[in-house]
Amino acid sequence: MFDFIKKLFRRKENMNEFNKSETEALINAYQVSPKYISMLTGKRYYEGQHDILKRKRQVIGEDGKLTPIENLPNNKLVDNQYAKMVNQKTNYLLSKVPTLQSENTEYVKALNNVFNKQFLKTMKRLGKDCYNYGIGWLHVYYNEAGEFKIKRMDPLEIIPIWKDNDHEELDSIIRLYVIQTYKRGTFKATTKAEIYTKNGIQYFIWDGVKLYKDMEKEPISYMTMETDEGEKKPYNWDKIPFISFRPDELEQPLIIRLKSLQDGINTILSNFQNNMEEDNRNTIIVITNYDGENLGQFRKNLSQFGAVKVNDNGGVETLTIEINAENYKAILDLFKKALIENARGFDSKSDVLGSNPNQMNIQSMYSDIDLDANEMETEFQASFEELLFFVKKHFINTDVGDFDNETVEIIFNRDILINESTVIDDIAKSMGILSQETLVSQHPYVIDTEKELERIKKEKEEDLDIYGEFGKENPASGIDVKE
């Protein structure tokens, strides 16, 4: 058995090929790159930490330049439409359990044990990573108990080194992550570095500029196998066990397309609130022959007593500035509509459906998000092929079965609004034209196609038991037929 398994994996090889100075240069360049900065921005905006929160109120000073001022309202309102779009697009494609179809039912059963509900949760987080960071990562490994695991990795921790410009094959992976270590009565942040190559994993400490060997960890292989004689030997995968998932070939965070529009929404709302609170400043006060020393004293008297003192020939007049709320609303609506269009999402409150939501209107509302989901699904299908390479090797390694030559189709079931009556009517009209399995899989009330087909088969068998087959005597009828 062990001789057979040896063919699936590679023996641990020399790790001295690692170039430390080149890796240090790559890390330093990556952490100041526009790509990494946009990933940080995507995370920050999804969590609600928008630029508006750092805004200072400014006025034009005596020299004609903008000057910060403290005595004016400075509201900082966040209407996080960006996070709404990320959640909407993720749930549209990944909120439902994918359907696995293969001619080999044993293969499907084995895959269902791996791609369970916990994996669905991982997939949803992976989808959000794709939109927030432009890329998501899964790591395949065996834990200390020898269990096969598929773990989602934080994209901010991963620096991929690609062999090709199309980003289809990895040369290595650098992982940087921070841990808190307790020393001398206090916690200290330490940045760990892990270098993944085909030859295994190496461990370092990153000080912000250079790498230093982690004296607590020795380089290791990806797995250890026990021979028939009980000897443990290190082995590695034929590929680096990291799988990238992308929304499209650009690997572009969604925030790049939406940040200016999201900032515009926040600014409009904040400015409107500021203007509503500036009651005294909404009215320009014209004074003549004021009996006082300065305008500051005038403003204080007006606020404190509601009155001011003027000379005999003096007076106070006002010019009122009207705040037109409809103007703010119109601009806000334009920004929100533009954000939805640039996000390629849909407006769930749209008037497109009207009072009679037929299937054509529904499809029209979902057209943008559906096209974008097609792009992401194509990328995910390719990534699943990479993932299945490791899963199939695991199945052989654990005697589940050899499915290397088997294929499986992974269907992402989209969460789309449908007119159930129309769909059911179309299914009824297609009976006799399409297979029962196809019709059942499209029915809006069916969750699990395979189980539903089993129920239908069981009901038919029960009907035969009760009524008997057509043209045959039914001994259970209780009727004695005499000639």
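Quick note: the coordinates plus some simple rules give every number you see, no bench work behind them. The structure displayed is predicted, hence computed values, not measured ones. All Cβ positions, glycine included, derive from the backbone under ideal geometry; neighbour counts span all protein chains shown.
In this structure the amide hydrogen of SER172, modeled in the peptide plane, comes within under 5 Å of the amide hydrogens of ILE161, none closer than 5 places in sequence on its chain. Counting 0.36 nm for each residue step from LYS151 to LEU53 and taking away their Cα separation leaves a gain of 31.9 nm.
Rounded to whole numbers, the Karplus 3J(HN,Hα) couplings from phi for segment 44-52 are 4, 5, 5, 7, x, 8, 8, 4, 4 Hz, using 6.51 cos²θ - 1.76 cosθ + 1.60 with θ = phi - 60°, and x at Gly and Pro.
Okay, which of segment 379-415 sit inside 13 Å, backbone N to the point 7 Å along the Cα-Cβ direction of LYS109? Only 400-401 fall inside the zone, counting backbone N under 13 Å.
Which FRET efficiency value, to the nearest 0.05, is calculated for ILE396 and ASP347 with the Förster distance at 35 angstrom and r the Cβ-Cβ distance? Walk me through the numbers before you get to the answer.
Values: r = 49 Å, r/R0 = 1.40.
Efficiency, rounded to the nearest 0.05: 0.10.
Rounded to 0.05, the FRET efficiency of the LEU66 and TYR177 pair, given R0 = 41 Å and the Cβ-Cβ distance, is 0.50. Residues in segment 401-407 carry Karplus couplings, in order, of x, 9, 10, 4, 9, 8, 10 Hz; the curve used is 6.51 cos²θ - 1.76 cosθ + 1.60 with θ = phi - 60°, and Gly or Pro positions show x. Checking every one of the GluC sites (Glu not before Pro) in segment 89-162 against DSSP loop status and a limit of 16 other Cβ atoms within 10 Å picks out GLU103, GLU144, GLU147. For segment 360-460, relative contact order (Cα pairs under 8 Å, six or more residues apart, normalised by length) works out to 17 percent.
Full extension of the chain segment joining ALA325 with LYS121 gains 69.2 nm, where the gain is 0.36 nm per residue of separation less the Cα-Cα distance. A protection proxy built from the mean count of other Cβ atoms within 10 Å ranks the segments 331-341, 173-183, most packed first, as 331-341, 173-183. Distance between the 7 Å Cα→Cβ label points at SER430 and SER21: 6.4 nm.
Which net charge results when you count Lys and Arg as +1 and Asp and Glu as -1 among the other residues whose beta-carbon is under 13 Å from that of LYS56? Could you put the intermediate results ahead of the total?
Numbers: positive: LYS54, ARG55, ARG57, LYS76; negative: ASP51, GLU70.
Taking every other residue near LYS56 into account, the sum is +2.
With a Förster radius of 60 Å applied to the C-beta separation of ASP333 and ASN405, the computed FRET efficiency comes to 0.60. Once both labels are positioned 7 Å from their Cα atoms along Cα-to-Cβ, the gap between GLN273 and TYR142 label points is 5.6 nm.
Stretched out straight at 0.36 nm per residue, the stretch from ILE205 to GLN31 would grow longer than its current Cα-Cα span by 61.0 nm.
Highest mean packing first, where packing is the average number of other Cβ atoms within 10 Å per residue, the peptides 237-250, 203-216, 71-84 line up as 237-250, 71-84, 203-216. Taking amide H as placed 1.01 Å from N in the peptide plane, LEU77 has its amide H under 5 Å from the amide H of SER270, each at least 5 places away in sequence or on another chain. Phi-derived couplings, Karplus 6.51 cos²θ - 1.76 cosθ + 1.60 at θ = phi - 60°, listed residue by residue for segment 251-259: 6, 9, x, 4, 4, 4, 7, 10, 4 Hz, with x used for Gly and Pro.
Please go through the residue pairs LYS188/LYS239; LYS96/LYS458; LYS213/LYS393 and name each one whose alpha carbons sit more than 29 Å apart in this structure. Let's see the in-between values first.
On the way: LYS188/LYS239 35 Å; LYS96/LYS458 27 Å; LYS213/LYS393 32 Å.
Among LYS188/LYS239; LYS96/LYS458; LYS213/LYS393, the Cα-Cα distance tops 29 Å for LYS188/LYS239; LYS213/LYS393.
The label point for GLU218 and the one for ASN361, both projected 7 Å from the Cα toward the Cβ, are 7.1 nm apart. With Cα atoms defining each centre, segment 387-406 and segment 60-113 are spaced 35 Å apart in the structure.
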